[in-house]
Amino acid sequence: MTTATQPKEILSKTHLWLRMYRQMVAIRQFEAQVNELYTRALMPGLAHLYIGEEAIAVGVCEALERTDYVTSTHRGHGHCLAKGASPDLMFAELLGKKAGYCKGKGGSMHIADPATGNLGANAIVCGSAGIATGAAFSSRQLGNGRVAVCFFGEGALGQGVLYEVMNLAQLFKLPVIYVCENNLYTEYTHFSETTAGDVLSRATAFGLDAASVDGQDVRAVNEIAQRFVDRARRGEGPAFLLCNTYRYHGHHVGDINREYYRSKQEEQEWKTQRDPIANFGKWLIEQKLADAAGLAQVQAELEAEMKKAVDFAVAAPYPGVDEVEEDVYA
């Protein structure tokens, strides 16, 4: 709990930390509902849950302004929400409804919301790296001070386009931050079997400022992200942030039996010892910035909010057949 006698800087930090906690819980509750929709066969296609990785999206996006840009991945719900997307419109998109962000035509892996700087999720591995770098080039040319963040998984480290754009970003000193979310598994293969050498060296070879962080610690992620965003906004060039994390569920919602590529013991260890929400909640209580009852209330409020958003999406109409050729650009 904060008091009027605390310095303004501490009060500001406390507000940020409580907001980040709420944002992480919101993402987890959203994803829980996504899993429920798939289980009930109400959602067409598959989805890739972000549960376990919430601290990265929240920690990074809290360092950004609303007008800054982000590009996302096939596992992009968390990034969208952290950047300011509305849960009801997101659920509508997942269910193929007209009220969705892309009028129901994009689905889980292609949600975009230009109003919040979200240039879109992308089902292609490393598919948005060029988009983020292009947005950063545009920002530099226009002199609008905007920063672009490119989220991608460790599987993207094997894609040549990543190195092409990092090279250009450094040459032109573009305001872009490349955020690698290493959740250990490139679909069903441990990243150590597909990625040679030191990951950070891939960025520092181009002269990028680079750092590795515990992706389960939202405060640590936010601190480094803020430093990288500030330097990019000052015109000091791109950066690379490696976030070490873990996805609690399978590669997608249908990936149920995972013992053939990772053990239940490993999963349980991350869930019980390295959970970003539980550990951050404990820290808030220890610092007397919150209490258990208050955090439980946040949980209940967001659970109800997400269920209400699902009800909105389920009741929303589908786009008409006559709209099938609208908004097609390629």
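The values are calculated or read from the model by the stated rules, or taken from the named source; none is laboratory data. Just so you know, these numbers come straight off a predicted model, no measurement behind them. No Cβ is skipped: glycine too gets one built from the backbone with ideal geometry, and neighbour counts run over all protein chains shown. Protein only, heavy atoms only, side chains kept; ligands, DNA and RNA dropped before computing areas. Shrake-Rupley method; radii C 1.70, N 1.55, O 1.52, S 1.80 Å.
Can you find even one residue in region 81-94 that is on the phi > 0 side of the Ramachandran plot, open to solvent by 10 Å² or more (accessible area, probe 1.4 Å) and within 14 Å of the chain's Cα centre (by Cα)? It would help to see each step written out before you state the result.
From region 81-94, those on the phi > 0 side of the Ramachandran plot are 84; that's our starting set.
This time we only want the ones that are open to solvent by 10 Å² or more (accessible area, probe 1.4 Å), so: 84.
From what is left, the residues that are within 14 Å of the chain's Cα centre (by Cα) are 84.
Taking every residue of region 81-94 in turn, at least one turns out to be on the phi > 0 side of the Ramachandran plot, open to solvent by 10 Å² or more (accessible area, probe 1.4 Å) and within 14 Å of the chain's Cα centre (by Cα).
What do you reckon, is E181 open to solvent by 40 Å² or more (accessible area, probe 1.4 Å) and touching a residue at least 24 places away in the same chain (Cβ under 8 Å)?
no
When residues of region 272-292 are filtered for being in contact (Cβ under 8 Å) with a residue 40 or more places away in the chain, open to solvent by less than 70 Å² (accessible area, probe 1.4 Å) and under 15 Å from R28 (Cβ atoms), how many remain?
6
Taking region 236-265, which residues are basic (K, R) and open to solvent by 30 Å² or more (accessible area, probe 1.4 Å)?
Correct list: R258, K264.
Scan region 103-160 for residues that are part of a loop (DSSP other than H, G, I, E, B) and either under 16 Å from V60 (Cβ atoms) or in contact with an Asp or Glu (Cβ under 8 Å, 6 or more places away or on another chain) (or both) and jot them down. Give the derivation first.
Let us first name the residues in region 103-160 that are part of a loop (DSSP other than H, G, I, E, B), namely 103-107, 111-112, 117, 119-128, 143-147, 159.
Selection gives K103, G104, K105, G106, G107, I111, G117, L119, A121, S128, R146, V147.
What's the number of the condition G197 fails, among (1) outside any helix (DSSP H, G or I); (2) more than 21 Å from the chain's Cα centre (by Cα); (3) at negative phi?
If we test G197 against (1) outside any helix (DSSP H, G or I); (2) more than 21 Å from the chain's Cα centre (by Cα); (3) at negative phi, just (3) comes out false.
In region 184-230, which residues are under 21 Å from R247 (Cα atoms) and free of Cβ contacts under 8 Å to residues at least 24 places away in the same chain?
Passing the criteria: S192, E193.
Out of all the residues in region 206-259, which are more than 21 Å from G155 (Cα to Cα), among the small types (G, A, S) and outside any loop (DSSP other than H, G, I, E, B)?
A220, A225, A232
Yes/no per residue for (1) open to solvent by 60 Å² or more (accessible area, probe 1.4 Å); (2) modelled with pLDDT under 95; (3) more than 21 Å from G76 (Cβ to Cβ):
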site	(1), (2), (3)
Y185	no, no, no
S192	yes, no, yes
R219	yes, no, yes
R231	no, no, yes
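For region 112-134, does any single residue satisfy the condition of being at positive phi, touching a His at 6+ places or on another chain (Cβ under 8 Å) and surrounded by 17 or more Cβ atoms within 10 Å (Cβ to Cβ)?
From region 112-134, those at positive phi are 117, 120, 126; that's our starting set.
Imposing the further condition that a residue be touching a His at 6+ places or on another chain (Cβ under 8 Å) reduces the set to 120.
Then drop every residue that is not surrounded by 17 or more Cβ atoms within 10 Å (Cβ to Cβ), which leaves 120.
Within region 112-134, one or more residues are at positive phi, touching a His at 6+ places or on another chain (Cβ under 8 Å) and surrounded by 17 or more Cβ atoms within 10 Å (Cβ to Cβ).
Only one of these is closer than 25 Å to G78 by Cα, open to solvent by 50 Å² or more (accessible area, probe 1.4 Å) and of a type in the set (S, T, N, Q): Q141, Q159. Name it.
Q159 is the lone residue from the list that is closer than 25 Å to G78 by Cα, open to solvent by 50 Å² or more (accessible area, probe 1.4 Å) and of a type in the set (S, T, N, Q).
Kindly indicate whether any position in region 304-321 is open to solvent by 60 Å² or more (accessible area, probe 1.4 Å), over 30 Å from A132 (Cβ atoms), out of contact with any helix residue (DSSP H, G or I) (no Cβ under 6 Å at 6 or more places or on another chain) and not in a helix (DSSP H, G or I).
yes
May I ask you to verify whether A239 is more than 18 Å from the chain's Cα centre (by Cα) and on the phi < 0 side of the Ramachandran plot?
Numbers: more than 18 Å from the chain's Cα centre (by Cα): no; on the phi < 0 side of the Ramachandran plot: yes.
For A239, the condition - more than 18 Å from the chain's Cα centre (by Cα) and on the phi < 0 side of the Ramachandran plot - is not met.
Residues in region 79-97: is at least one acidic (D, E), over 19 Å from D255 (Cβ atoms), modelled with pLDDT under 95 and outside any loop (DSSP other than H, G, I, E, B)?
There is no residue in region 79-97 that is acidic (D, E), over 19 Å from D255 (Cβ atoms), modelled with pLDDT under 95 and outside any loop (DSSP other than H, G, I, E, B).
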